[in-house]
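Before any comments, here is the structure.
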Amino acid sequence: MDGALDAADEAVDLLLDSGRVPGDILVLTTGDQHPWAAHELSFGEASYWAQFDAGDDVFYAAAEADRAKGRPVVVVAVNGGADDAIARALPDAMSGAGELLVVCGDPQRINTLIAAGV
C-alpha cells in the first residue's frame, strides 16, 4: 500500500517536471493520510484548509474530504480503504479533475472496482 503513495509522489514529480503548476495538483488518498497532510493537520484544520483555499501548492487530502474537490489534475493513491469507499472516491475524483486523473495503486484491485461499475 505504501507503493501507491510512492507512485503518487512520483506522479506529482513528473507532473511538476513537465511544467504543471503546483497549485493545479490535488493528491487524494483512500487509506492513511499522505505524510504531508498528516504533518500539516498537526497545526490545525484551519491552517491546513487555508493552504487548500490559497491554491498555491500541491495539496494532499483524504479522498473522503468533501472540501478537497476540483483541481485541473487529481492524483488518487489507492493506499487502502474499503472497496465501497474507493468505489465512491474514484468517480468523485474523475468529476473533480478538470484535465487529468492519475490513479496509483494495485492495478488488479483498481480494475476490479472499475469493472464493478465505478
* Structure fact -> Residue set Ala38, Ala50, Ala11; condition assigned to a helix (DSSP H, G or I), among the small types (Gly, Ala, Ser) and over 14 Å from the mean Cα position of the chain (by Cα); output residue Ala50
* Asked: Across segment 14-35, which residue is surrounded by the most Cβ atoms within 10 Å (Cβ to Cβ) among those that are assigned to a helix (DSSP H, G or I) and touching a helix residue (DSSP H, G or I) at 6+ places or on another chain (Cβ under 9 Å)?
  -> Leu15
* To do: Would you confirm whether any residue within segment 92-109 is among the β-branched types (Val, Ile, Thr), in contact with a strand residue (DSSP E or B) (Cβ under 8 Å, 6 or more places away or on another chain) and assigned to a loop (DSSP other than H, G, I, E, B)?
  => no
* Structure fact -> When (1) of a type in the set (Val, Ile, Thr); (2) within 17 Å of Met94 (Cα to Cα); (3) more than 13 Å from the chain's Cα centre (by Cα) are applied to Thr30, the one that fails is (3)
* Structure fact -> Checking Ala77, Ala93, Ala65 in turn, the sole residue that is free of Cβ contacts under 8 Å to residues at least 40 places away in the same chain and among the aliphatic types (A, V, I, L, M) turns out to be Ala65
* Restricting the search to segment 24-62, which residues are within 18 Å of Asp9 (Cβ to Cβ) and polar (S, T, N, Q)? -> Thr29, Thr30, Gln33, Gln51
* Out of Ala68, Ala93, Ala89, sole residue that is at pLDDT below 95, farther than 21 Å from Leu113 by Cα, of a type in the set (A, V, I, L, M, F, W, C) and within 12 Å of the chain's Cα centre (by Cα) -> Ala68
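The values are calculated or read from the model by the stated rules, or taken from the named source; none is laboratory data. Given the structure is predicted, the values throughout are model-derived calculations rather than measurements. Backbone-built Cβ (ideal geometry, glycine too); neighbour counts: all protein chains shown.
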